[in-house]
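Q: Have a look at this one before I ask anything.
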Amino acid sequence: MRILLTEDDPALAELLLRACKQEGYSADWVSDGVAADLALASETYDALVLDLGLPRMDGLEVLKRLRKRGSHLPVMILTAREAIADRVAGLDSGADDYLPKPFAVAELQARLRALVRRRHGGTASACLELGRLRYDTASRQVFIDGKEVEFSSRERETLSCLLHRPGKVVSKQALTTALSSWDAALGSNAIEVYIHRLRRKLETAGIAIRTVRGLGYVIEPSDDRAD
Ligand code: CA
């Protein structure tokens, strides 16, 4: 279970991170709206905890952009207790729940559990599929023809990023951001290396990763030659 936390108050972010950890969720933290938007556009999450008052891009704008991309990701907004207008605007823009600040950690955890449960109980699939390839976003396992295939964390991260937009270009920058979110030390040709490894592993599944010069990479079924 992977949660994106957006909060510009470091102390509160610390509390949120701890709350997620206690629940056994892995969590990424970003402190401004632009970083949140970027992470949401390139990464796979199971839920979003969204502060509305964020620097660089307002939380409401982040939410609107997320829904505009067609995402059904469960979203819980954090608002000041007295900011009823914000809360209404958030729910109108597609938030699933809200939590007024200040809040008790236990309440946050209960709300998160409910959000995640709703997601997995709902009709929305937690799997990304392309041809014979299936990626389970909850367990982060990769299957080819129903058989699990071993991928390193970084390979999985790269694959997940690409699989979120099959047939569309994913920029090298988006992949770099996705990988650096959990490891800052990323070599200059790291993306090429992971793409190369993924290509080798996906070849037998009839999946190709095409380089679009100067733009990025596209994951797609390879043409009929593979059959
Ligand atoms: Ca704030």
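No value in this document is a laboratory result; all are computed from the given coordinates. Since this is a predicted model, take the numbers as computed values, not measurements. Note that we place each Cβ from the backbone using ideal geometry, even for glycine, and neighbour counts take in every protein chain shown.
Q: Dividing the Cα radius of gyration by the Kirkwood radius, what Rg/Rh value follows for the range 127-224? Numbers along the way, then the final one.
A: Working: Rg = 12.6 Å, Rh = 13.5 Å.
So for the range 127-224, dividing Rg by the Kirkwood Rh gives 0.93.
Q: Taking Cα atoms, how many degrees apart are the long axis of helix 105-121 and the longest axis of the chain, rounded to 10 and kept between 0 and 90?
A: The angle comes out near 40 degrees.
Q: Okay, moving on. In whole Å, what three semi-axes, largest first, describe the equivalent ellipsoid of the range 2-119 built from its Cα gyration tensor (square root of 5 times each eigenvalue)?
A: Working: eigenvalues 64, 52, 41 Å².
Semi-axes from the Cα gyration tensor: 18, 16, 14 Å.
Q: Continuing with the same structure: Given springs between every Cα pair under 10 Å in a Gaussian network model of the chain, which of 171, 139, 93 has the largest fluctuation?
A: Residue with maximal mean-square fluctuation among 171, 139, 93: 139.
Q: log₁₀ I(q)/I(0) of the chain at q = 0.07 Å⁻¹, via Debye over equal Cα point scatterers, no solvent, to two decimals?
A: Those come out to -0.24, one per q.
Q: Hey, another quick one. Distance between Cα centroids, the range 25-68 to the range 155-170: provide it in whole Å.
A: The range 25-68 and the range 155-170 have Cα centres separated by 18 Å.
Q: Suppose we keep just the DSSP beta bridges with both residues in the chain; what percent of those would be antiparallel, to 5? Show your work: numbers first, answer last.
A: Numbers: 19 of 37 bridges.
Once the DSSP bridges in the chain are tallied, antiparallel ones form about 50 percent.
Q: Going by C-beta contacts inside 10 Å, put 137, 204, 176, 6 in order with the fewest on the left. Provide the component values of the computation, followed by the final result.
A: Working: 137 18, 204 12, 176 15, 6 28.
Least to most surrounded, the residues fall as 204, 176, 137, 6.
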